[in-house]
1. Would you grab the residues whose amide H sits under 5 Å from the one on Q159? Only those 5+ places off in sequence or on another chain, please, with H modelled 1.01 Å from N.
2. Step through the residues of the stretch 101-116 one at a time and calculate ³J(HN,Hα) from phi using the Karplus curve (6.51 cos²θ - 1.76 cosθ + 1.60, θ = phi - 60°), rounding each to whole Hz and writing x for Gly and Pro.
3. Exposed loop trypsin sites (Lys or Arg not before Pro) only (DSSP loop, at most 16 other Cβ atoms within 10 Å): please give the longest stretch of the chain free of them, not including the sites.
4. How tilted is helix 163-174 with respect to the longest principal axis of the chain? Cα atoms for both, answer in degrees (0 to 90, nearest 10).
5. Taking K68 as the anchor, which lysines have their alpha carbon closer than 27 Å to its alpha carbon, excluding any fewer than eight residues away along the same chain?
6. Per residue of the stretch 135-141, what does 6.51 cos²θ - 1.76 cosθ + 1.60 with θ = phi - 60° give for ³J(HN,Hα)? Whole Hz please, x for Gly and Pro, Karplus curve as stated.
7. Using all C-alpha to C-alpha distances in the stretch 1-127, build P(r) with 10 Å bins and read off the rounded percent in each one.
8. Once amide H atoms are placed 1.01 Å from N in the peptide plane, what residues at a sequence separation of 5 or more from H37, or on another chain, have their amide H within under 5 Å of its amide H?
Amino acid sequence: MASIKQWTTPLKGVESLKLTEAPKPAPGKGEVLVEIHAVSLNYRDIEVPCSDMCGVITQVGDGVSAWKVGDRVLSTFLPDHQTGQVTEKELSRGIGLPLDGVLAEYRVFPEHALVKAPSYMSDEQAATLPIAVVTAWMSINGMRPMGQNGGHGEYILLQGTGGVAIAGLQIGKASGAKGALLTDL
């Protein structure tokens, strides 16, 4: 049986990170196997690395209709969350915490846990989108219905110069908001 390399940590922080080998996973019903090309780091990755990745589907399980082999995809860190307030059950299914992260050569995902990667971005660029951009989007737009996004005439105050703040600045600018960015040098 083929094996893969993956980084694991038993929820004891980065100092316990170790490279291990595991059997290459196979997708079950409603799942896909993704070859991981790039990952990004976020603050939450201190415990179980990582939740954001860009990769290519190499195998599809029975019943999968949304994806095909060769599709380029991004992971979502809360794959079971679709709308509204996040529930405890959805949090218990989070990729990278508490479930194994994506710091591996291959990983199986439920069909619904992926989104299409933007074709105009490299794998490395696209891998930075899930947590930073979704966090910024939700911070600015909250629970507004789609199509009723914030923007023109609104003011946005962002703190820091990390991924979330920069994504928020870009979202605010694109939507017509006025913004201020605070940072400590």
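Every number in this text was worked out from the coordinates using simple rules, so none of it is lab data. Predicted model, so just to flag it, every value in this text is computed and none were measured. In this analysis, Cβ positions are derived from the backbone assuming ideal geometry, glycine residues included, and neighbour counts consider all displayed protein chains.
1. Under 5 Å from the amide H of Q159: L182.
2. Per residue, the Karplus-derived 3J(HN,Hα) values read x, 10, 7, 8, 6, 9, 8, 8, 10, x, 3, 7, 8, 10, 10, 5 Hz.
3. Details: sites that count: K12, K29, K68, R93.
Answer - 94-185.
4. For 163-174 against the chain, the angle is about 50 degrees.
5. K5, K24, K29, K116
6. Whole-Hz 3J(HN,Hα) from phi for the stretch 135-141: 4, 5, 4, 5, 5, 7, 9.
7. All Cα pairs, binned at 10 Å, distribute as 14, 43, 37, 7, 0 percent.
8. Placed amide hydrogens put C54, G55, V56 under 5 Å from H37.
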